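Asker: The following block contains the structure, expressed as structure tokens.
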Amino acid sequence: MIANPPPATIGAALRQASQRWGQRTAYLCGQQAHGFAGMEASSARLACGLLGLGIKRGERIGVIGLNQIEWLQLFFAATRIGVAVVGLSVRYRDNEIEHMVNDSAIKAVFTVPDCEGFDFPAMLARLAPRMPGLQHVVVIDAAPQAGAGSMRLSALLATERDIAALEAAEAQVVPEDLAMVIYTSGTTGQPKGAGLSNGSMVAAALGQARHVRTTEADHIQLALPFNHVGGITAGC
């Protein structure tokens, strides 16, 4: 059921869902169920963690990850304070990552420790001298051996909520604020970033829900990755 009037931003949509449906399951990830209220709370803590890192409205973070709950927690945390998420595929390697991090002026990259044996923190450390704007690398679900001194997402998820700072940041977000940057395939040159605003993503999600007649009781099995427009729009 779609509220009238519909929410204007992604953060507003999450707050509305949390208020209306609370403990109802929002996402199923493996054997774990995540309720709307839990997603609102975890993204609020993570948003405060981002603010603590000095990341603010109009800036960008990158996410290298699979379709996992942490990806969505980061997405909601960032967009609710006006920070855009740049989707980075686990298939990308040195050339793609260096170009996209610099082209988007990414301030922080959140990455899985590895995928199919590839060490992403090591790649980012190797590329760091060529990505001067990148200030933070945060490892998602880092194993103890994933690099001494690695910043971990779990630490940011444990951030104490600063309600005043969070509400002040959220109050500045408008539908025109950039929410997502998705890179094209680059078949005729370097990949190019396509920006999606808060308002356009909310409108696309509402249109998708109307088209397939989705209700709050439905869950959709998602195959497309979150760094793809189909994945983040249809799956979020």
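Asker: Name the residue that is farthest from Leu74 (Cα to Cα), counting only residues in region 18-61 that are in contact with a Lys or Arg (Cβ under 9 Å, 6 or more places away or on another chain) and part of a strand (DSSP E or B).
Answerer: Looking at residues that are in contact with a Lys or Arg (Cβ under 9 Å, 6 or more places away or on another chain) and part of a strand (DSSP E or B), I get Gly35.
Asker: Let me ask something else. If a residue must be outside any loop (DSSP other than H, G, I, E, B), among the aliphatic types (A, V, I, L, M) and farther than 22 Å from Gly11 by Cβ, how many such residues does region 201-236 contain?
Answerer: Summing the residues that are outside any loop (DSSP other than H, G, I, E, B), among the aliphatic types (A, V, I, L, M) and farther than 22 Å from Gly11 by Cβ in region 201-236 gives 1.
Asker: Among what's in region 103-119 and is in contact with a strand residue (DSSP E or B) (Cβ under 7 Å, 6 or more places away or on another chain) and more than 9 Å from Val137 (Cβ to Cβ), pick the residue that is surrounded by the most Cβ atoms within 10 Å (Cβ to Cβ).
Answerer: The extreme case among them is Ile106.
Asker: Could you tell me whether Glu98 is acidic (Asp, Glu), more than 29 Å from Pro7 (Cβ to Cβ), buried (at least 17 other Cβ atoms within 10 Å of the Cβ) and without any contact (Cβ under 8 Å) to a residue 60 or more places away in the chain?
Answerer: Here the answer is yes, as Glu98 does meet what is asked.
Asker: Continuing with this model, one more query. If you go through region 150-169 one residue at a time, do you hit one that is surrounded by 12 or more Cβ atoms within 10 Å (Cβ to Cβ), in contact with a Gly (Cβ under 8 Å, 6 or more places away or on another chain) and modelled with pLDDT of 95 or more?
Answerer: yes
Asker: Going by what's in this entry, would Ala179 be described as in a strand (DSSP E or B), over 18 Å from Leu66 (Cβ atoms) and in contact (Cβ under 8 Å) with a residue 12 or more places away in the chain?
Answerer: Yes: the conditions hold for Ala179.
Asker: Among the residues of region 206-236, which ones are small (Gly, Ala, Ser) and over 16 Å from the mean Cα position of the chain (by Cα)?
Answerer: Matches in region 206-236: Gly207, Ala209, Ala217, Ala223.
Asker: Looking at region 34-49, is at least one residue under 22 Å from Pro113 (Cα atoms) and surrounded by fewer than 16 Cβ atoms within 10 Å (Cβ to Cβ)?
Answerer: Checked against the condition, which is being under 22 Å from Pro113 (Cα atoms) and surrounded by fewer than 16 Cβ atoms within 10 Å (Cβ to Cβ), region 34-49 yields no hits at all.
The values are calculated or read from the model by the stated rules, or taken from the named source; none is laboratory data. None of the values given here were measured: they were computed from a predicted structure. Counting neighbours? That spans all protein chains shown, and the Cβs are built from the backbone with ideal geometry, glycine included.
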